[in-house]
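A short worksheet on the structure shown next.
Since every read-out is calculated from the coordinates, none of them should be taken as a lab result. Just so it is clear, the model here is predicted, and its values are computed rather than measured. Glycine gets a Cβ as well: all are built from the backbone with ideal geometry, and neighbour counts include every protein chain shown.
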Amino acid sequence: MKILLATFWVTPHVGGVWNYMQQLKEKLESHGHKVDFLSYGKNHEYVHIINENRRIDRGSQPPELLMKQLDPPLHSDPVIDYYASRCNFFQLAANMLGLDQYDVIHTQDIFSTVCINRIRSEKTALVATLHGCVAHELKSAYYSSKTVKRSIAKQGCEYFDRFEYEGATSADYTIVANKWMKNTLTDEFQVPKGQLHVFHYGYDTETFLKRKDQKTEIQRPHDKKVIIYTGRLNEFKGVHHLIGALKELKKTRTDWVCWIVGEGPKELELKNKCKAEGLDDDVIFMGRRDDVPYLLSLSDIFVLPTLMENQPLSVIEAQISGKAVIASDVGGVPEIIEHGITGVLSPAGDEQMLTMHIRYLLENEPYMKNLGSNAQKWGLEYWSPDKAVQKVLGVYENAIFKKRNK
């Protein structure tokens, strides 16, 4: 098969979607398939087939094409205009780059799914994997703000609810990672249950564990336990709550250091918060790193204080690294952590409980290590990449058959 993995988001980037695409490409190619990547490039300035170095730049297109919207312009809402204009160009550029050569296009979000469905040929099968709920994220990040007029919030929520539905129903098959995501789409957005297929992503555990031996300049402190967070630094990830919890933890014990690995729009704000809370020497911001497996091997406790989540790659990596995991009890997280056995679930946004959980693990090292051992044993079996890619290939074959026999 010739397969196109496509996303509306910028690649390459730090985050689970890009990592998933890379690993899926590698596994699919090991089975003899040809795989390309399609995505936006830096700052949404161009759309490219990244592995072929082919691109269409926004600045090279006639203004009248860029002004044309997928939906009627709604200038009262800048968020709708932002996504509508970028979807319009994504659709235009994808069409110019040529999609007819592919047997299957596998999109990774609602935007690329909707855009590609509108231009794909009748013979091309479309499979979508939805890694999260965009409508929920925008409601939380923007439309719930008191500074947004009620009429605009209502209009925006309705617009992205419709887009969520279209994104979940446009493909021949739609994959979600867990029951939580399936229930969200069926209960809130009225997506037909038969459209959705639940199975986990899989993960290249062998390659990841090999990389932990690739040492870099970072060294573990001799007299302190290492708490680590890896991921984007945005509002949804709740890192500000981790900092709040660490402020309380420092009142009773100082035998720890926290590594924050990642980048994002909240980075400066979080650094300032640490400074204001007197945590300058306790919390270290490491920025974007390519040695996450090695950093996890040096750490003791992984914390994901997220406020909204589907199936976090960072938890998967911590599990297969054999680390004790503390994660918020949101989204699909409870489906991959058995509380008290393979990790600890903590109420999202509750800094007092998060402090208590971290302190308890620091005080009870045998229990902490047992959590990590259990997590690794479970994770190496559950996240098997070979099982996962076989399921994906089965979906591709069914989608092609469905498309050709309509």
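From Cα coordinates alone, what are the radius of gyration and Dmax values for the stretch 205-382 in angstrom?
Calculated on Cα positions, Rg and Dmax stand at 14.8, 43 Å.
Considering all alpha-carbon pairs of the chain, what whole percent are spaced by more than 33 angstrom? Show your work: numbers first, answer last.
On the way: 28718 of 82215 pairs.
More than 33 Å apart: 35 percent of the Cα pairs in the chain.
Angle, helix 150-169 long axis vs. longest principal axis of the chain, Cα atoms, 0 to 90°, nearest 10?
Result, in degrees: 80.
Over the stretch 205-382, what is the mean sequence separation of C-alpha contacts under 8 Å (at least six apart), divided by residue count, expressed as relative contact order in percent?
Details: 321 pairs, mean separation 43.2, N = 178.
Worked out over the stretch 205-382, it gives 24 percent.
Within the stretch 1-45, list the residues whose amide N lies under 18 Å from a label point set 7 Å along Cα→Cβ of GLN214.
12-16, 18-27
Can you list the aspartates and glutamates whose alpha carbon sits under 12 Å from that of LYS271, skipping same-chain ones fewer than 8 residues off?
The qualifying aspartates and glutamates are GLU263, ASP280, ASP281, ASP282.
Between VAL198 and TYR360, what is the spin-label point distance in nm, taking each point 7 Å from the Cα along the Cα→C-beta axis?
Going from the VAL198 label point to the TYR360 one covers 2.7 nm.
Quick one: Kirkwood hydrodynamic radius for the stretch 144-275, alpha-carbon pairs, angstrom, one decimal?
19.4
Counting only C-alpha contacts under 8 Å and six or more residues apart, can you give the relative contact order of the chain as a whole percent? Walk me through the intermediate numbers first.
On the way: 717 pairs, mean separation 60.6, N = 406.
Relative contact order comes out at 15 percent.
Only Cα pairs under 8 Å and at least 6 apart count here; give the relative contact order of the stretch 93-150 as a rounded whole percent. Mind showing how you got there, number by number?
Values: 43 pairs, mean separation 20.1, N = 58.
Dividing the mean separation by the residue count of the stretch 93-150 yields 35 percent.
Sorting check: for 181-188, 246-253, 214-221, which peptide has the highest mean count of neighbouring beta carbons within 10 Å, and how do the rest follow?
181-188, 246-253, 214-221
Taking a threshold of 27 Å on the Cα-Cα distance, which of the pairs LYS27/LYS182; LYS149/LYS247; LYS42/LYS387; LYS377/LYS402; LYS27/LYS237; LYS27/LYS193 fall above it?
Where the Cα-Cα span goes over 27 Å, the pairs concerned are LYS149/LYS247; LYS42/LYS387; LYS377/LYS402; LYS27/LYS237; LYS27/LYS193.
Under Stokes-Einstein, with the Kirkwood radius over Cα pairs standing in for Rh, what whole-number D in µm²/s applies to the stretch 362-406 at 10 °C and 1.306 mPa s?
Details: Rh = 13.5 Å.
After rounding, the answer is 118 µm²/s.
What is the P(r) of the stretch 193-251, as percent of Cα-Cα pairs per 10 Å bin from 0?
Going from the shortest bin to the longest, the percentages are 14, 26, 34, 19, 6, 1.
Any idea what angle helix 351-363 forms with the longest principal axis of the chain, computed on alpha-carbon atoms, 0 to 90 degrees, nearest 10?
Roughly 60 degrees, rounded to the nearest 10.
Enter the angle in degrees (range 0 to 90, nearest 10) between the Cα long axis of helix 16-30 and the first principal axis of the Cα atoms of the chain, meaning the one along which they spread out most.
Between the helix axis and the principal axis of the chain, the angle is about 70 degrees.
Out of the GluC sites (Glu not before Pro) in the stretch 100-160, which ones are loop residues according to DSSP with at most 11 other C-beta atoms within 10 Å? Kindly include the intermediate steps, with their values, before the conclusion.
Numbers: sites: GLU122, GLU137, GLU158; in loops: GLU122.
Listed in order of number, the matching sites are GLU122.
Along its principal axes, what span do the Cα atoms of the stretch 280-362 show, with the longest given first and each in whole Å?
Rounded to whole Å, the extents work out to 28, 26, 22 Å.
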